Amino acid sequence: MAYRVTLIPGDGIGPEITDATVRVLEATGVAFEWERVEAGLSYMEKTGDTNPLPDSVLESIRRNKLALKAPIGTPIGKGFRSVNVALRQGLDLYACVRPCKVYPGVPSRYAAVNLVIIRENTEDLYAGIEFDKGSEAMKDLDALVAKHSTKALPKDAAVSLKPISEAGSRRIVEFAFKYAKDNNRRKVTAIHKANIMKFSDGLFLRVAREVAELHPEIEFEEMIVDAACMNLVVRPESFDVMVLGNLYGDIVSDLCAGLVGGLGVAPGANVGTHATVFEATHGTAPMIAGKGIANPLAMLLSGLMMLKQIGEDVAAKKLENAIKIVLREGKSLTADLAPTNGVGTNAFADAIIETMKRRSVSGTGQLADIV
Ligand code: ATP
């Protein structure tokens, strides 16, 4: 039986890396039935629709419960904050999983990073509740602050709210501990700034402590976000699973992608109760779009995460082994990884497909190894 998956080729380098990823995933021998749907800037240009995220995309993902998505561009100044954020909120994909692992052969400053970021996806400063400078709403907010606080807002301020809920915190921290357990990880670190944001981050931290008590077999650690950034740069190998709110998670994800060789190698999955959308950490990289030189690896590793989720463990391991070999050999890498002798997107994909065909490349090994 073929797995039915919603496929979103997206914008910029999206279509190129999607084609390469699909070819490689099909070469694993697992059967897929791709339901190709369009969203984002190219979709708007093609159809004249003013909505970059048509309902049909959400319906397709709800139906199939699985989606593989390339980066999508968001029109600037057209009322949409971000198609990606709207997708996550529309499907309640509350947990973003971003494994960051150094593969031998990928140029990186560090040799032994193997951590996983669990980012809350629906709350925090991404809630989209903002008040503009000089607006009527700001006057009401001014009055509210004057009534309930000893402080006052600056007269020329704009304000973005940071809602952090108890339920939202609990489900993301529980997700992190379950992820740790299911993937043979030993430690969860909760990242916060509760010393300053005593109520919002304070709530997140209190809930994290409560959930940690229920999982004594997993080590629990808490760390202030600024200290975490320094520790990540100084000794990234000391981290295992990290759980963070939405904004810290966004920033720290890019930092960690940098630790393991850059955005071109950082995969991700947005997980909800009813659906999972697999997507790379990087954006549409418009500067290199259409040139056939983008690295499809982050999207391919996202596809590898999908193979693992649907239980195709042998195919997943075989693919990861082939990726490791191609990276280690270093002869067919894209220019972001091999600036002097880089090959194109398709040649990199072909090298992985050819490597998977070798009889010596098996689907065995530790599955916990996989992204
Ligand atoms: P967006 O506006 O969609 O966020 P961006 O170019 O500002 O796009 P990213 O796409 O995240 O941001 O990438 C930043 C830079 O990293 C790109 O300009 C490109 O040089 C590099 N990059 C990102 N992804 C890849 C990739 N898959 N292959 C090669 N280079 C990449």
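Inside the range 290-337, can you point out the residues that are of a type outside the set (Lys, Arg) and free of Cβ contacts under 8 Å to residues at least 24 places away in the same chain?
Of everything in the range 290-337, those that are of a type outside the set (Lys, Arg) and free of Cβ contacts under 8 Å to residues at least 24 places away in the same chain turn out to be Gly311, Ser332.
Determine, yes or no, whether Val234 is within 16 Å of the ligand (Cβ to nearest atom) and over 18 Å from Ile8 (Cα atoms).
For Val234, the condition - within 16 Å of the ligand (Cβ to nearest atom) and over 18 Å from Ile8 (Cα atoms) - is not met.
Among the numbered criteria (1) among the hydrophobic types (A, V, I, L, M, F, W, C); (2) touching a His at 6+ places or on another chain (Cβ under 7 Å); (3) within 16 Å of the ligand (Cβ to nearest atom), which one does Val225 miss?
Val225 satisfies every listed condition except (3).
Could you look through the range 259-286, keep only residues that are in a helix (DSSP H, G or I) and open to solvent by 20 Å² or more (accessible area, probe 1.4 Å), and pick out the one that is farthest from the ligand (Cβ to nearest atom)?
Pro286
Does Gly249 meet the test of being open to solvent by less than 20 Å² (accessible area, probe 1.4 Å), within 16 Å of the ligand (Cβ to nearest atom) and assigned by TED's automatic domain parsing to the domain that holds Thr18?
So Gly249 does not fit the description; no.
Can you pull out the residues in the range 316-342 that are surrounded by fewer than 17 Cβ atoms within 10 Å (Cβ to Cβ) and polar (S, T, N, Q)?
Of everything in the range 316-342, those that are surrounded by fewer than 17 Cβ atoms within 10 Å (Cβ to Cβ) and polar (S, T, N, Q) turn out to be Thr340, Asn341.
Just to check your reading of the model, which residue among Glu136, Glu237, Glu130 is touching a residue at least 40 places away in the same chain (Cβ under 8 Å) and either in contact with an Asp or Glu (Cβ under 8 Å, 6 or more places away or on another chain) or more than 22 Å from Gly272 (Cα to Cα) (or both)?
On inspection, the qualifying residue turns out to be Glu237.
Restricting to the range 20-39, name every residue that is open to solvent by 30 Å² or more (accessible area, probe 1.4 Å) and either free of Cβ contacts under 8 Å to residues at least 12 places away in the same chain or within 12 Å of the ligand (Cβ to nearest atom) (or both).
Glu26 - this is the single residue of the range 20-39 that is open to solvent by 30 Å² or more (accessible area, probe 1.4 Å) and either free of Cβ contacts under 8 Å to residues at least 12 places away in the same chain or within 12 Å of the ligand (Cβ to nearest atom) (or both).
Which residue, of Ala335, Ala289, Ala351, is touching an Asp or Glu at 6+ places or on another chain (Cβ under 9 Å) and within 11 Å of the ligand (Cβ to nearest atom)?
Step by step, each of Ala335, Ala289, Ala351 is checked, and only Ala289 is touching an Asp or Glu at 6+ places or on another chain (Cβ under 9 Å) and within 11 Å of the ligand (Cβ to nearest atom).
Just for the range 6-19: of the residues that are within 15 Å of the ligand (Cβ to nearest atom) and not in a helix (DSSP H, G or I), which one is most open to solvent (accessible area, probe 1.4 Å)?
For the range 6-19, the residue satisfying everything is Gly12.
Would you confirm whether or not the range 131-147 contains a residue that is loosely packed, with under 15 Cβ neighbours inside 10 Å, among the polar types (S, T, N, Q) and at pLDDT 95 or above?
yes
Do you know which residues across the range 40-96 are buried (at least 22 other Cβ atoms within 10 Å of the Cβ), among the β-branched types (Val, Ile, Thr) and over 15 Å from Asp11 (Cβ atoms)?
If the condition is that a residue be buried (at least 22 other Cβ atoms within 10 Å of the Cβ), among the β-branched types (Val, Ile, Thr) and over 15 Å from Asp11 (Cβ atoms), then Ile61 is the only one that fits.
Cβ-Cβ under 8 Å, sequence separation 6+ or interchain: first residue in the range 247-258 and of a type outside the set (D, E, K, R), partner open to solvent by 30 Å² or more (accessible area, probe 1.4 Å) and part of a helix (DSSP H, G or I). Which pairs?
Leu247/Leu125; Leu247/Tyr126; Val252/Cys229; Leu255/Cys229; Leu255/Val233; Ala257/Leu263
Give the range 292-310 a look and list any residue that's within 12 Å of the ligand (Cβ to nearest atom) and within 19 Å of Phe175 (Cα to Cα), or say none.
Ser302, the sole residue that qualifies.
Within the range 323-345, can you find the residues that are within 21 Å of Ile293 (Cβ to Cβ), within 25 Å of the chain's Cα centre (by Cα) and part of a helix (DSSP H, G or I)?
Residues satisfying the conditions are Ile323, Val326, Leu327, Thr345.
When you go through Ala294, Ala351 one by one, which is the residue that is surrounded by 17 or more Cβ atoms within 10 Å (Cβ to Cβ) and either out of contact with any helix residue (DSSP H, G or I) (no Cβ under 7 Å at 6 or more places or on another chain) or assigned to a helix (DSSP H, G or I) (or both)?
Just one listed residue meets the conditions, Ala351.
Which strands (runs of 3 or more DSSP E) sit wholly inside the range 181-258 and have at least 2 residues that are closer than 22 Å to Thr122 by Cβ?
187-192, 241-244
The values are calculated or read from the model by the stated rules, or taken from the named source; none is laboratory data. These numbers were taken from a predicted model, which means no experiment stands behind them. Reconstructed Cβ throughout: ideal geometry from the backbone, glycine too, with neighbour counts over all protein chains shown. These area figures cover heavy atoms from the full protein model, side chains too; ligands, DNA and RNA do not enter into them. Shrake-Rupley method; radii C 1.70, N 1.55, O 1.52, S 1.80 Å.
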